[in-house]
1. Residue check: is Arg120 part of a helix (DSSP H, G or I) and either in contact (Cβ under 8 Å) with a residue 24 or more places away in the chain or of a type in the set (D, E, K, R) (or both)?
2. Looking at the range 134-154, which of its residues are crowded, with 18+ Cβ neighbours inside 10 Å and farther than 24 Å from Val203 by Cα?
3. Considering Pro12, Pro67, which residue is modelled with pLDDT under 95 and outside the structural domain of Leu227 (by TED's automatic domain parsing)?
4. Can you pull out every residue in the range 86-117 that is outside any loop (DSSP other than H, G, I, E, B) and among the β-branched types (Val, Ile, Thr)?
5. Looking at Ala228, Ala212, can you tell me which residue is assigned by TED's automatic domain parsing to the domain that holds Ser183 and under 18 Å from Leu170 (Cβ atoms)?
6. For residues that are at pLDDT 90 or above, touching a strand residue (DSSP E or B) at 6+ places or on another chain (Cβ under 9 Å) and not small (Gly, Ala, Ser), tally how many sit in the range 71-112.
7. Is it true that Asp127 is over 26 Å from Ala205 (Cβ atoms), modelled with pLDDT under 95 and not assigned by TED's automatic domain parsing to the domain that holds Thr48?
8. Take the range 125-149 and flag every residue that is under 11 Å from the mean Cα position of the chain (by Cα) and part of a strand (DSSP E or B).
Amino acid sequence: MRQCSGMTPEQPGQTRYVSQEILLSGGALTAGVARVGDTVRRPSSSATSLVRDVLLHLERAGFGGAPRWLGMDEQGRQILSWIEGDTFTERGRMHPYIGDPPDRVIFSDEQISASMRLLRHFHDAFDAQVICHGDYGPWNLVWRDGLPAAIIDFDNSYPGDAGDDVAYALRMFVSYGLGPFDSRGFVRRTEGALAAYGKDFAVPAILEREYARAEERCRRNGWERQLAKLALERAWLVENRSLL
């Protein structure tokens, strides 16, 4: 994880050209993302309108675990509020991107539970139509004292079923078949995660759908290493689905 340091704040809503920027890098971060004062500048994309609408809605709903939408800058970039904390920048140490590093990241029960509670608070900020984050992994959370405090990077958000985000989170944080646990250990971690989220799901069904989406993403983007891990995950589910 990388500690973020402070800079001289820029006043929200103030129009000025700012020369001092810190490019943010690491992991699979979107190219061109920079910190300017107490703001983050992100390149515009086809998702910009949805990101704006989601963040404005979260602000109106009183959800404090996301950046605030502050508008667009003179270069046509999104302006978001900066959230102080730590971020994971080395995806190579985390499932499903890992090879076999000697210091892989394994999340504690407390970290998993806190991540699932934050996800539930995010979902509850919406009405009948839930907005899925679409990439709810540890790299898109801001951490303080080892626990998640906020969610970032809403470029993959979409209206959908909460179970999509839950399955994605289970896959990223529990890592079925790929962590140092036996079958009962994975089941126990799953039960703790769902208890923290506060809702039951048909776990084998939502994982199967997530694996299908993951395969499509891998083939579309050429993510061969993740695709190879996916076969191991699916094999674990076939063998242990009656336990979930």
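1. So Arg120 passes the test.
2. Val142, Trp143, Ala150, Ile152, Asp153, Phe154
3. Pro12
4. Thr87, Ile112
5. Of the residues listed, the single one that is assigned by TED's automatic domain parsing to the domain that holds Ser183 and under 18 Å from Leu170 (Cβ atoms) is Ala212.
6. Summing the residues that are at pLDDT 90 or above, touching a strand residue (DSSP E or B) at 6+ places or on another chain (Cβ under 9 Å) and not small (Gly, Ala, Ser) in the range 71-112 gives 13.
7. When the stated conditions are applied, Asp127 does not pass them.
8. Answer for the range 125-149, where residues must be under 11 Å from the mean Cα position of the chain (by Cα) and part of a strand (DSSP E or B): Cys132, Leu141, Val142, Pro148.
The values are calculated or read from the model by the stated rules, or taken from the named source; none is laboratory data. This structure is a prediction, so every number in the text was calculated from the model and none was measured. Positions of Cβ are backbone-derived with ideal geometry, glycine not excepted, and every protein chain shown enters the neighbour counts.
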